[in-house]
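Colleague: Below are the structure tokens for one structure; questions will follow.
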Amino acid sequence: MENLTLDETKYTPLIELDAAKGVIALTGKSYPENTFEFYKPMMEWMAEYFRTVAKDVTVINLEIIYFNSSSSKLFFDFFDLLDEVKDDHKLDINWIYDEENENAEEAGEDFIEDFEDLPIKLIVKEE
């Protein structure tokens, strides 16, 4: 399975999907003009990955410093997909935030509350 990398822009995060290593990483801001169209390749890649080649442990690193409401809806779909595969795949989900960014911390707490069956850990970003 091919890896997928989408470069960071002013409005979109860096997305690195590495099938061989079993790592899914999103870093940066998320407020693209058409959120669901932008994230479609990532969501399709993840569905295929979990269907065919998932590693013993899949590490998901999310370091989203800001996101808009449509990105929030997309992240619900993202976590729903993870929720669907959690019984068959070991997931290590890290919500990484800067301790100065209370909004990012609160967003991580909200996702933990909304997806209580997922192993989401809040991690303060190291300087």
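Coordinate-derived values only; no laboratory data. On a predicted model such as this, the values are computed, not experimentally measured, just so you know. FYI the Cβ positions are ideal-geometry reconstructions off the backbone, even for glycines, and counts take in every protein chain you see.
Colleague: Using θ = phi - 60° and the Karplus relation 6.51 cos²θ - 1.76 cosθ + 1.60, list the HN-Hα couplings for segment 14-27 in order, rounded to whole Hz, with x at every Gly or Pro.
Modeller: 3J(HN,Hα) across segment 14-27, in whole Hz: 6, 10, 10, 10, 10, 5, 5, 8, x, 10, 10, 9, 10, 9.
Colleague: Once R0 is set to 22 Å, what does the formula 1/(1 + (r/R0)^6) return for the Cβ-Cβ distance between residue 69 and residue 21, expressed as a FRET efficiency to the nearest 0.05?
Modeller: Given R0 = 22 Å and the Cβ-Cβ separation, E is 0.10.
Colleague: So, with +1 on the Cβ of K and R and -1 on the Cβ of D and E, and no other charges, what is the size of the charge dipole of segment 25-124 about its Cα centre, to the nearest 20 debye?
Modeller: Magnitude of the dipole: close to 520 debye.
Colleague: For residue 31 and residue 85 in the same chain, what is the full-extension length gain: residue separation times 0.36 nm, less their Cα-Cα distance, in nm?
Modeller: 16.8 nm
Colleague: What does a probe at residue 102 reach in segment 110-127, counting residues whose amide N is under 18 Å from the point 7 Å along Cα→Cβ?
Modeller: 110-111, 124-125
Colleague: With no solvent and one equal point scatterer per Cα, compute the Debye intensity ratio I(q)/I(0) for the chain at 0.09, 0.10, 0.18, 0.21 Å⁻¹ and report its log10, rounded to two decimals.
Modeller: Once normalised to I(0) and log-transformed, intensities are -0.22, -0.28, -0.98, -1.37.
Colleague: Something else: Once label points are set 7 Å from the Cα along Cα→Cβ at both residue 2 and residue 61, what is their separation, rounded to one decimal in nm?
Modeller: It works out to 2.4 nm between the two label points.
Colleague: Given Cα pairs under 8 Å that are at least 6 residues apart, what percent is the relative contact order of the chain?
Modeller: Computed over the chain, the figure is 21 percent.
Colleague: Take every Cα-Cα pair in segment 1-76 and report what % of them are more than 22 Å apart.
Modeller: 19 percent
Colleague: Which links in 40/73; 90/121; 21/125 stretch past 19 Å when you go from one Cα to the other?
Modeller: Where the Cα-Cα span goes over 19 Å, the pairs concerned are 21/125.
Colleague: With each run of n ≥ 4 DSSP H residues scored as -39500 (n - 2.57), what mean residue ellipticity at 222 nm is computed for the chain after dividing by its residue count and rounding to the nearest 500 deg cm²/dmol?
Modeller: Result for the chain: -12500 deg cm²/dmol, rounded to the nearest 500.
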